[in-house]
Every structure is written in structure tokens, then in C-alpha cells.
1. Using alpha carbon centroids, what distance separates region D:1-70 and region A:156-192, in Å?
2. To test your reading of the geometry: what angle, between 0 and 90 degrees and rounded to tens, separates the Cα axis of helix D:17-36 from the longest principal axis of chain D?
3. List the relative contact order of region C:1-147 as a percent without decimals, with contacts defined as Cα pairs under 8 Å and 6+ residues apart.
4. So what's the net charge close to A:PRO365: Lys and Arg +1, Asp and Glu -1, counting the other residues with Cβ under 11 Å from its Cβ?
5. Net charge near A:ASP384: determine it from the other residues with C-beta under 13 Å of the C-beta of A:ASP384, scoring Lys and Arg +1 and Asp and Glu -1.
6. Given contacts defined as C-alpha pairs under 8 Å and at least six residues apart, what's the relative contact order of chain C, whole-number percent?
7. Which far-off residues, 5 or more places away or on another chain, put their amide H under 5 Å from the one on A:ILE21, with H placed in the peptide plane?
8. In debye to the nearest 20, how big a dipole does the protein assembly as shown give about its Cα centre with +1 on each Lys and Arg Cβ and -1 on each Asp and Glu Cβ?
Amino acid sequence: MEQINNVGGFSAKKVDDKTLILFFGPQHPSSGHMRIIVKLDGDIIVESDPDIGYVHRTMEKLSETKEWIKNSVLFERLAILDAGNVTQAYIIALEKLLNVEPPPRALYLRTILSEINRISSHLYGMGIFAIMIGSSTGYMWFFGDREIMVQLAERITGSRLTHTYHIPGGVRRDVSNAFLEELEKGLNYIERRLKDYEVMFVNNPIIRSRLENVGVLSRERAIELGVTGPNLRASGVSYDVRVEEPYGAYQFVDFEVPVYKEGDALARTFQRFDEIRQSISILRQLIKSIPEGPVLNEKYLKLFTKKMKDIWDAEKRVKFPSIFANLRPPAGKAYGRVEEGRGEIFFYLESSGEAKPYRVRVVTPSFRNSILLKYLPVGERLADLPAIYGSIDYFPPEADR
Amino acid sequence: MTDSSREFQGTSLLSEKTSEIIIDSPDQLLPLAKQLKDKGYDHVISLSAVDYPKSNELHLVIHISSYTKRDLQPKVFELRVKLKKSEPKVPSLINIWPSVEFQEREAYEMFGIVFEGHPDLRNILLDQEEFSGVHPLLKDFKIPEEDITLKLKEDVKSGTNK
Amino acid sequence: MLDSFILFIKNIILWPPVFYLLIAPGLVTILISLLLLIWAERKIAGRIQMRYGPLEISPKIGGAIQLVADLTRYMLQEIIIPRTVDTLPYLIAPIAGFIISLLPVAAIPISPIYFPSPMTNSIIVALALTTLPPILNILAAWASNNKFSLIGGARESFLIAAYELIVILSAIGAMVIYGTSDFTEAVSLQKNLWGIILNPISAIAFYVAVLMATGRFPFEIAEAEAEIVMGAYTEYSGLLYGLSMGISYTRMFVYNVIFSLLFLGGWQPFFTIGGHIFISYVLIPATVVILKALIVSLTMVFTRAIYGRLRIDQALGGAWKFWFLVAIVGLIWGSALTYLQQVI
Amino acid sequence: MGGKYVEKVVPSRNLSLLNKAKNHAEALALGAKFLVRPLRITYRYPIVKEIPDQGYRGLIVLDDNKCIGCSLCARICPASAMKMFQAGEKKLRPAVNYERCVFCGYCVDICPENALKHARTHDVVFESGESMLYIGEKFTLDPDTQILSGKVRIYRVRVDEKRGLIYEPIR
């Protein structure tokens, strides 16, 4: 391509007359914090180049300047809608380094938060998807009902979105029985609403015609591209970290992981609806079987002063032993991974025995799925670009650490 | 912190499920990767690097796993390649695992590792044009840290400012 | 002084050509119904979508004058004219588009004896005038010199070809039954049975084509926000943007006045009460027609809360492969009905 | 125990025209149902306000008498929002800068004397960057009393089985 002239500081290039290069974002109603440069031939996309680096926060580098426990607060900003799962992966890796294990009640509480987060993350993703294909009611419903999950998460952790709930060796707060009853109510409500969603959203003929056979990802292609999460399972691959490497309380409950074969936007939508259903069932089992006991490892409980124990008894709130300000895991490396709403999040930590990590590597599901934005839209129509973007539940700040 | 005297060099604390291979020369990477792919490791979870300024080495760290082989699915396999910091060059894995495409671009911009044979090796997260040249995840790139005490101005000190 | 003022009202304002364009169903009525329609659209969507809708301005009457506040904002906002646009057509397009979208009312009567211009082909003239505004939309798209605008304009031009034919075919489906192309006569023939009962097929086709013509959901394709920002009006701001938004609602209202005259019996049931001739023969019929048009418009804005947006190829496919055939069937049905009537 | 994979197929692809019409009707009917009996989940924010439950991580309040000036709070603060300043002879006290605070509550939880606590208030408006620094006496005032004694009606949120969320007026 030869450069022809310079217009207002931008260099213009001559392209062939048949194609149109469209900058889809970063200032675009549905692009999110990123842009996709698409080349159009008529209405058909012939080339797509995602440019995902618009909200880079240098998290991997920043984490090298912060103490171990502070990084948990940093990393939950990866995916603020799914913060419980993200910090859980980091804390699991950190616990491997520190060689501590949370007590059973803490495991249950972690999993309760994980599944609440999963439901709210799926509802968020579906909401964004709905507005991208023009269904404002779907958008409002999913977001409105997500508020219930956000409220429930707030009851557990004290914060609506940035939960910061997990600490090495346990969790920060216990829950009351009144909360568990409230959770049950919330689950009943969501379960009933799922039927409304089906009528208004997936079975609505107009919406469905936008989903069927759009952005088809075959099984082979999904494996090749290393896609993860619901997008992978909607293409017929059986892979879920909760099954492969159980963490939290997943080994104590029965659940199904749905796997759809078709791999189009419709299958991905059904995949997410089914996962919400399974999350509801998991949460019900957890409510029934949650054991009594402490929520922090013995190793740290031993360090509690009398005052701290009193506060625990009165408020069911864990006071940090002062060692937390200066955790020094022995030199070594560890990884932690968790199935969050959008897929597998992977933390790789290296410690040199200092108060700060030597190296933290985090690979988020959205980063692994972002490759789909390069290959999936090719051959589809321009109008399907937002539909594909929405159906893979891509969350830009998560991809762009 | 960055000039750590107790620099870590490779003891493993990973769970027993995990296997690990360290190779000294980038030439051995492609044949090994091909073997692993044939064995059933079909996708890359993470491809990144760790900088060890003391020994003047960059380690390319690759975590791979399998989506299709039942017995390999729970495993995370770690592959480490030692690179010279002066000349960080390694053959691209894109033909074996296409899923590394964006991660190789990220390692390129963050560490300056050149992946030979990558079709589209340019920055992905950082700005291509305004890039200053110091790769940010190398230990040479330093971030100033803050003190925990407050530097008080006179008006703040009295506690009267609203 | 007072006498001359009454004379002025009587001779100028109530003179049919002026009255039609300015009062009913022209500018004033359309602006008021725009106010009501847009407010109702937001309120309906709000109720369905688990929220209140506009309430900040005038909470006591449910935020009904929200649009006045919006318009004030548009008027006070700076109109940004980008350096790259073709300035003259860029400025003309939305203004001319709004005026032209009002034009069809010059041919539409809203009472049996009081009309702007005595015409025997008023249906055809009105329908012909409704086809003009999209051209200004395409002009705006071209003048904007923006890729998203261009795509929006291209989509609009594809859509025109699809819906115009359906609108006209289904209107003919009604016209053959009445055997006239004059609104006044067509309405008077619907004294006993409304057109929607005589020819429901054409009525449905007309309704869907109007949805498509005015960019209501699920055919909000030419200005699909999530895809092409705002279509042809991407580069517009301030009052020009407000006008361009008004065009589609104006068109919808005008189409629905035609719809209520053709299929919903117009000012039927027609009755006279005592008093001035103006009340019996102008005000009451006009109110009936406008109310009918408003109710139909309300059902059209209701679809926003139910549907998503179709793809352009799906909309065109649906229009040519399904609704075009429906319109043809409606035409055949209408002709058959007329034929049978004559035979019997 | 544990999870297992279940293969599924998307139900009812390629619907007939009749089924499509039925689905259209169902969606329209559901919309009409909500039009008649709305299920509102929002509330009129500036006119009424919601106050979270006890345990919510809102603004931070210092109890000056309990504080021993150990600076653990400043050391654990992940955003460097909390810092120590010299409040008198040999007396260190924390101050918080809400420009940076992320409300993680680490400082509250690590305080060995329980001198820090969370207020329930979260909605605050600041006029300037400087006023976001809570130092000295300003840091020891409880903002909840101000909110609860204001003119605005205060709601408490409860999760409900039928309506999702219900708002119970506190007063």
C-alpha cells in the first residue's frame, strides 16, 4: 500500500476501491474499550484485526512493586464483574506457595461467592449481548436481575463488586443463616425469571434469527485457537476447570457441565443459560450442606490476640494477624487456575522469598478468547460483528491487563 | 527488590500432577513442542517470560494443557526455554499451537523476545509508535514506590482545610 | 381590532391549506403527538424494562414534558459542522427532510367536507409524497463524509426499494375495494365495515411496511446504534440532530393517519352535534382520525421493548420473499372481493 | 460427587412459520403483561436513598482514643490511600485520601486495636481534590449520623422471591 498524502496529521493510504476499512471503536457505542479494524467488501467482513490495548494497566509489572496480599486487590480489577473468581485464582496460587489450606467452611463460602459471581457475570454478558443486537429489554432485564446477585454478594463480603473476600488460608467473613435463607429466595427468583428470558430473548423469533448460524466456531478450530470457557464448551469440547482440577467445594457437590455441539451464537447463549441453571443447583446444595467451623487456617488463627477473637465472636469478621502486611512465601513457583464466568483464569507466581512477588503472570479468559475476534468475524456480515462480539462475552479490561 | 540477592532459580512447588521440562537452547524447542503436541497437549494456556538479570538470562515459560485427551486434561505442563538476554530469539510456535499468536505478540512487546516465523509480530497491548524501547516487564524497567507517611503542607497539618 | 383578528383567524388560519399544514394534522398536531409518542415510547419501555422511565422533569405528570426539555437542550447545543463534510447539503438535508416529511398532510383530508385541495387522486398523491424523505436521509449520509453514515445511507436505500412497493401494493389492495383513489370517498364507503375487516391482509402488510419505512424495531436497521453508530446522522449534533430524529416519528404519524383513513374508517363513526359547523365538521372528525393514528403509533413504539434488530439481509429477504407476497395476496383478495360484489 | 459433562443439543432449531407466530405472540404477551404489572427494580435515587446493611464497607471512621499509631493500616493499604502523619509529639495517626481509596477494608481488618471501622455511607460528593483527604478530626466523624438525620427517605433492600428486590422504608 503506497502512502498518498497527509491529511491533518493522519497518513492516508490507498487501498483498492472495492474494500472499505472501518475502524470499529474505540469511540463506538458497542466496541467497548478496544477497537476492531475491519476490512469490508460490501457488507461482508474480509479481514478483522482486533486492537485490544486501550485500557492497559500494566498489572503484571505493578504487582512486582506491591506486597503479596495487596496484589489481590489489584487483580480483582481485572474483571470487576467477576472479582470473587479472579482473586480466588490468585489466592489459590499464593496458598500453594505459603503451603496453607483453608478450612472446609471457608471452601464452601468461596464457592458460594464464585457461583453468585458466575451468575452475575453471565447475566452481565448476556445483557451486553442483548443491547448489541438491539434488544433493550433483554439488556435491562439481565442487568436488573443481576442486581440481586450483586446485593447477595454484598451481604457476604460487604462490597458490591470489589469483594476482596479471599485471603490466604481462608476468607474474611462468615455468613449468617439469615443470609442463606435470603440467598435461597434470590435463587428462586432467578430460576423463575429464566423462563421469562426464554420467551422474550432466546425464543423471540427476531432475536433467534440473529443468533442462528452466526459466528460458527467448529470443535477443531476452538481447540486450535485455545479458546476457553463457555465458548469452548458451546463448540463441543468437554473442559471445565471445576471438573478437571476441583478447587473450593466443587468436590462436595454434584453438578453437570453442559456441552453444546453447534458452536454458533445460539449455542453459546444456551450454554450460558444452562450454566446459570447449574449454578443455582450448586448453590442450593451448598446451602444445605455447609459445615460449621472456623473460616481461617489454624496457622493464622494461632496468631489471634484476645481482642481479635472477641471481634470474631461478635461480628464473625476475621481480623488480620499483623503478619499479613508482610507475607514472605518461601522461594518457589506455583500456579492457580479457576473457572470464572468467561473461562479459565490462570495465575503463575514466582516468589524469591521476598515480601513482593518476583513475577506474576496472569492469563485471563478474555485474552485467550480475543483471538476469536480476529478469526470468527471473517466471512460474516458487518451487522454480525457486534453479535459475535457479544456472544463470546468478551470483556475488554480483562483481556487488557 | 529488583536487585534481589535471593534470586530464584527453578525449584518446583507445583503439584505432583504437573510435569516440567527445562531446555537450554532455543533450537530444541520446536522438536520438543512437536512431540508434546503429538502426545496430546493441544493448546497453550500461557506463554510468557521471566527475567533473571543476575545470570543474564530470560526464561521463556510456556504452560500447556490438553482439551482432548482425558488423562492429560487435568495437567498443566510447564516448558521453560533459557534464552540469552543479549539476543532473545526463539522460533515461533504458531505452526504447532496457533493459540500462541497473541501471547507471542505480548511476549515480544513486554520482553523484546523475537519469535522467528511469526507472521504478524507487532505490539498488541502497547502503542507501537510511541514505544520508548525499554521493554516494560524486564527488571531494568523500574517503577518508583511510595512511602507510607504523609508529606504535610502547613494548612493540611492544622486539620482545618475542608 | 378584535373583528379584524377574528377575520384573520377565519380567513388565514382556518383557510384549509394553511390549517392543514399548520394545525391539524400538520405541524402543531404532529409536534404534540411527537411529544406524546416519544414520552409514551420511553414510558412503555420503562415499565416493561423494570424501571420508571423519564421522571426528572415534571414528576407529577409522569415526566410527560421530558421532550420539551430535550428539545430545549438540542436548541441550545452548538451545532458542530465537521471540517470534512459537504456543508450545504449537510445543513439542508435534515431541515428539508423534516419539511418534506410533513408535506403529505397537504393531500390528506381529516373531515368529510373540509379539505386542503379538492383532489380525486389524493391517496396516490399522499403516498407519493411519503416516499420523498428517505432521499434526504441518503443525501445526509453522502454529505457527512463518514463511513458509518455511508453504510447507513446504503442500508436506507436498500430498504426503500423493499418497503415502498409493499406500502403501495397494500394501499391499492384497499383502493380496489372502495373503487376510488380519493380519501374522502374511501372513508365514506367505510361507514359500515372498516377496511381492516374487508381486507385484513393488506392492512397487516401496510402496517409492517410502515414499521420498516420509519425505522421502528425490529427494522431499526438504517441507524442501528450498536452497529453503525447512528447511521446517516452520525455526524449531526444539536438542533439538526433533533430534527433528524423527528423525521422518523413525523413519518410514522403521517403514515398512520393514512392507515387510519384507509383501513380504520377515518372519521367514522361520523356524527354531528349542534353548534358551529366548524366543531361538527372539522374538530370532531379531526380528533377521531388523530386519536386512531395515535393508537396505531403507540402499538408501533411498543415493539421497541419486545424486539431486537434484524440484519439488513434478513429484513430485505423477509420483505421480498414474504411481505411482498402478502401484499400481492391482499391485492388479489381485494380484487376478488370487488369482483364478487359486482357479480352478486 | 463432583462435576460431569453432559452433551446437549439446542432445542427446536428451524421453527415452522406457525411456531414462529406463536413465539411472536408469546413475547408480545409477556411484554403486555409487564406493561400492565411492572416489576420495578429501580428506585428514585436522589429522592430516596438506600442504606446498606451493617457490615457494608463504606467510608472509614477512626476512633482516635483507641488508635495506638502502629501504622499497620498504612502499610497494608493497597492503594497507598492511607498514610500516617505526625499528629503531635510522638503521636502518629492515619489519614485517608478518598481520591485513592478502593474500599477494600484491609486497614479496618488489620487494626489490632479495632480503632478503625466502616460507616455504611458510600455516596459522597466532594467539591475538590483537597477535600477528599480525611485528616485529623474530620476522619473521626461518623458520616452515617449525617445521612440518617437528613431529609431524604431511607430504604433498606431485601431480596424477595416474587419481586426480586423490595425496598423497605426505614423511616
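1. Rounded to whole Å, the Cα centres lie 15 Å apart.
2. Helix D:17-36 sits at roughly 40 degrees to that axis.
3. 25 percent
4. Taking every Cβ under 11 Å from that of A:PRO365, the sum is -3.
5. The answer is -2.
6. 24 percent
7. Those qualifying (amide H under 5 Å, at least 5 residues apart or on another chain) are A:LEU40.
8. Around 2400 debye, computed over the protein assembly as shown.
Laboratory data are not the source of any read-out in this text; all were calculated from the coordinates shown. Given the structure is predicted, the values throughout are model-derived calculations rather than measurements. Note: ideal-geometry Cβ built from the backbone for every residue, glycine included; neighbour counts use all protein chains shown.
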